Amino acid sequence: MADIIDLTPRPEVRDNLITPQPLEFRVGDWRTGYVMLCTKKESERYEAHRREALGSKGHQHIAFVPNHFTLDGGSHYTVQGLLRYRSDESMMRRVYRLAGLMECVTNASSPILRTDLLRRVYKVILEERESLQVIWRGNVVHFLLPLHPQFRNPNLFQHNLIKAESLKELFAAIEEETNAQFDILARHYVFYVPENLASRE
């Protein structure tokens, strides 16, 4: 009977889930590199392949990674901050709001930022950076994370900042946009963290 049915126990597949919510983080099957951001649908496809590949008796080889955004160019600092506070949603939202503030002062064109009120914005940024211990270094391209256009219009953030006529409206627009983006990340995306980064957090 043993010649017909393979009774050899299959190797156990290591669970790679770090946290399922508020954002889903998983350990990637690679030692170093950047965090990958992929849709939950892509993650499901990858996880099925991973279970099959790592659960086999023979050569354990994962043949592909999911279609993804590579979080580099500054966004890796954003995701490190999110990962650090992964068990506290309110702190994660503060980190993402700070990323929105940084995006606003570096990549947006708001009339408010061409007045003395810019100093107030920088004061808030410095206070939040100090409190959260999240700092972006070097040549940062973007602070907010990339999203597929079917989930969020990429021009909406810029459009709402331009419309702001007061500092209060500017802060409200940043908070509204970063909360909306955070909700999309929670609902539709999975983060794959390289092993070296996962072991530090």
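Output the residues belonging to region 129-153 that are small (G, A, S) and part of a loop (DSSP other than H, G, I, E, B).
Looking only at region 129-153, we keep the residues that are small (G, A, S), and these are 131, 138.
G138 - this is the single residue of region 129-153 that is small (G, A, S) and part of a loop (DSSP other than H, G, I, E, B).
Which pairs do you get when a residue that is more than 13 Å from E177 (Cβ to Cβ) and touching a residue at least 24 places away in the same chain (Cβ under 8 Å), found in region 86-107, comes within reach of a residue that is of a type in the set (G, A, S) and surrounded by fewer than 18 Cβ atoms within 10 Å (Cβ to Cβ), reach meaning Cβ atoms under 9 angstrom, with the pair 6+ apart or on two chains?
E89/A186; R94/S131
To keep it simple, each residue is scored yes or no on (1) charged (D, E, K, R); (2) farther than 15 Å from N107 by Cβ.
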site: V121; (1), (2): no, no
site: I125; (1), (2): no, no
site: E128; (1), (2): yes, yes
site: W136; (1), (2): no, no
site: V141; (1), (2): no, no
site: L144; (1), (2): no, no
site: F171; (1), (2): no, yes
site: E177; (1), (2): yes, no
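In region 23-53, what residues are part of a loop (DSSP other than H, G, I, E, B) and among the small types (G, A, S)? Before you say what the answer is, go through the steps one by one.
Applying the first criterion (part of a loop (DSSP other than H, G, I, E, B)) to region 23-53 yields 23, 28-34.
G28, G33, listed by residue number.
Name the residue that is surrounded by the fewest Cβ atoms within 10 Å (Cβ to Cβ), counting only residues in region 15-26 that are in contact (Cβ under 8 Å) with a residue 12 or more places away in the chain and touching a strand residue (DSSP E or B) at 6+ places or on another chain (Cβ under 6 Å). Can you show your working first?
So in region 15-26, the residues in contact (Cβ under 8 Å) with a residue 12 or more places away in the chain come out as 16, 18-19, 21-26.
Subset that is touching a strand residue (DSSP E or B) at 6+ places or on another chain (Cβ under 6 Å): 16, 18-19, 24-26.
Values: N16: 17, I18: 17, T19: 13, E24: 18, F25: 21, R26: 22.
Step by step, filter region 15-26, then rank; the result is T19.
Listed here are the residues, each with its yes/no results for (1) of a type outside the set (G, A, S); (2) at pLDDT below 80.
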site	(1), (2)
D6	yes, yes
P22	yes, no
F25	yes, no
G28	no, no
E44	yes, no
R50	yes, no
S56	no, yes
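Among the residues of region 162-191, count how many are more than 17 Å from P149 (Cα to Cα) and in contact with a Phe, Trp or Tyr (Cβ under 7 Å, 6 or more places away or on another chain).
1
Scan region 166-201 residue by residue and report those that are among the acidic types (D, E) and crowded, with 19+ Cβ neighbours inside 10 Å.
Of everything in region 166-201, just one residue is among the acidic types (D, E) and crowded, with 19+ Cβ neighbours inside 10 Å, namely E177.
Could you list all residues from region 154-192 that are at pLDDT 95 or above and not in a helix (DSSP H, G or I)?
Y189, V190, F191, Y192, listed by residue number.
The values are calculated or read from the model by the stated rules, or taken from the named source; none is laboratory data. Predicted model only: the values in this text are computed from it and were never measured. Neighbour counts run over all protein chains shown; Cβ positions are idealised from the backbone, glycine included.
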